[in-house]
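Report on the following structure.
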Amino acid sequence: MALEIIGFPRSNFVRTVRMVAQEKGVAYEHIAAMPHSDEVKAINPLGLIPVMRHDGLDLVESSAIAHYIDTAFDGPALVPTDPREAAPVNRWIATVNTSVDQMLMRRYVVEYAFHKDADGNVVRDVIDQTVKRLPKMFAFLDTAVAQGYLGGDNFTMADCFLMPILAAVQNFPEGKENMENSPNLKPYFAKVSVRPSFTETAG
Ligand SMILES: N[C@@H](CCC(=O)N[C@@H](CS)C(=O)NCC(=O)O)C(=O)O
């Protein structure tokens, strides 16, 4: 059975696993189901996306899905096989998946997109707290891409985790401004954003 990637395309984690499949050259069916839909809950009782199905294997968690796609199929390795070379890639995947996602997606983008009052106005309390911390986070990421890619000089799976988040934060004014003020991150984003894996997975 073909690989199925299930989840609303605007989710950064859905886009990440789709980017991994595209970078590998793996054909897949994308099913654009919402979080907590019956289709998603059949695989992930928590209702979170993405979820994946392949040849009788059901899988949840973007990192597990991305590593499965990277190792179960032919195509360029997105995490090096040498343990010492893999270590920094896995470190950056973990950092983006936790600290970076928490701040830039959950406490900024998601608040802008979904936290509205009864009149439909954005509720800004969490956003305003986060905005104060954005310069430090952007400086951290700016240093991390100084060699050309996240944590090094080669495109890896770590870039598939970071790029969808950088795309999303720039939809909002403070995210765009911080990006403009990041001398390494801005050209990094411009360079990686022309890859077909990125252009063909826009939500
Ligand atoms: N640790 C999970 C996080 C997945 C996650 O938070 N997905 C978001 C979309 S980007 C979601 O389903 N949100 C719905 C909710 O929080 O109820 C992973 O890496 O797959």
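Taking segment 23-55 on its own, how many of its residues are touching a residue at least 40 places away in the same chain (Cβ under 8 Å) and within 12 Å of the ligand (Cβ to nearest atom)?
4
Return yes when Val20 is within 14 Å of the ligand (Cβ to nearest atom) and closer than 14 Å to Met157 by Cβ and no when it is not.
Taking the combined requirement at face value, the residue satisfies it.
Looking at this structure, is Glu85 acidic (Asp, Glu) and closer than 17 Å to Asn154 by Cβ? Give the steps one after another, and end with the answer.
Working: acidic (Asp, Glu): yes; closer than 17 Å to Asn154 by Cβ: yes.
Yes.
Where in segment 114-203 are there helices (runs of 4 or more DSSP H), lying fully within it, with 3 or more residues that are hydrophobic (A, V, I, L, M, F, W, C) and assigned by TED's automatic domain parsing to the domain that holds Ser99?
Helices (runs of 4 or more DSSP H) meeting the threshold: 125-144, 157-169, 185-192.
All but one of (1) in contact with an Asp or Glu (Cβ under 9 Å, 6 or more places away or on another chain); (2) touching a residue at least 12 places away in the same chain (Cβ under 8 Å) hold for Val122; which doesn't?
Val122 satisfies all of (1) in contact with an Asp or Glu (Cβ under 9 Å, 6 or more places away or on another chain); (2) touching a residue at least 12 places away in the same chain (Cβ under 8 Å) except (2).
Only residues in segment 95-112 that are free of Cβ contacts under 8 Å to residues at least 60 places away in the same chain count as the first member; pair them with residues that are among the polar types (S, T, N, Q), Cβ under 9 angstrom, at least 6 apart or cross-chain, and list the lot.
Pairs that qualify, where the first residue is free of Cβ contacts under 8 Å to residues at least 60 places away in the same chain and the partner is among the polar types (S, T, N, Q), are Met103/Thr130; Arg107/Gln129; Arg107/Thr130; Glu111/Thr130.
The values are calculated or read from the model by the stated rules, or taken from the named source; none is laboratory data. As the structure is a computational prediction, the values presented were derived from the model and not from experiment. Every residue, glycine as well, gets a Cβ built from its backbone with ideal geometry; the counts of neighbours run over all protein chains shown.
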